[in-house]
Amino acid sequence: LGFYNESFIPTSRGFETYTGYFGDQEHYLTHKYDRTQEDANADSHYFYDFIRTKPDNTFELIAEVEGIANVSSAEVFCNEAERLLEANKDAGAPMFLYMAWQNVHGPP
């Protein structure tokens, strides 16, 4: 759904937490949006797009956080899933965990 406005982000659409990226892609290791734009001086520009939501529905940029920077997104997603499962193991209610793997395939 993207991030046109906050009503489109996952935590505004029924999910309690979200870890991932908002754009159509980001590098699995550096977490940079890798469709760079070159300016008039041929300098490339990029931005980070790897976030985690907070309980108040705000989010933090985690691309450069210790333990996440230069760590494969697959490992980050597994660690986050493990954390969520551990935190909810005694909840006494069903839990839905959706994991969309970034590393399954690449464009042709």
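Applied to the stretch 68-85, the Karplus parametrisation 6.51 cos²θ - 1.76 cosθ + 1.60 on θ = phi - 60° returns per-residue 3J(HN,Hα) values of 10, 4, 6, 10, 3, 4, 4, 5, 4, 4, 5, 4, 5, 4, 4, 4, 5, 4 Hz, with x for Gly and Pro. Spacing of the modelled spin labels on Lys89 and Phe8, each 7 Å from Cα toward Cβ, amounts to 3.9 nm. Once the gyration tensor of the Cα atoms in the stretch 6-88 is diagonalised, the equivalent ellipsoid follows with semi-axes of 26, 16, 9 Å, ordered largest first.
If Leu61, Leu29, Leu84 are ordered by their accessible area, calculated over protein heavy atoms with a 1.4 Å probe, which sequence runs from highest to lowest?
Ranked list, largest accessible area first: Leu61, Leu29, Leu84.
Seen from Tyr18, the other residues with C-beta closer than 11 Å to its C-beta sum to a net charge of +1, counting Lys and Arg as +1 and Asp and Glu as -1.
Could you work out the relative contact order of the stretch 6-88, using alpha carbon pairs under 8 angstrom and six or more residues apart, expressed as a whole percent?
Numbers: 111 pairs, mean separation 22.0, N = 83.
Averaging sequence separation for qualifying contacts and normalising by length gives 26 percent for the stretch 6-88.
Using a probe of 1.4 Å on the protein chains alone, the accessible area found for Arg52 is around 70 Å². Residues whose amide H lies under 5 Å from that of Phe59, counting only those 5 or more places away or on a different chain, are Lys54; hydrogens are built 1.01 Å from N in the peptide plane. On full extension, the segment bounded by Thr58 and Glu75 gains 3.8 nm, given 0.36 nm per residue less the C-alpha separation.
The values are calculated or read from the model by the stated rules, or taken from the named source; none is laboratory data. What you see is a predicted model, and the numbers here were worked out from it, not measured in a lab. We place every Cβ from the backbone using ideal geometry, glycine too, and count neighbours over all the protein chains shown. The protein model used for the area step is the full one, side chains on, heavy atoms only, and it has no ligands, DNA or RNA in it. Shrake-Rupley method; radii C 1.70, N 1.55, O 1.52, S 1.80 Å.
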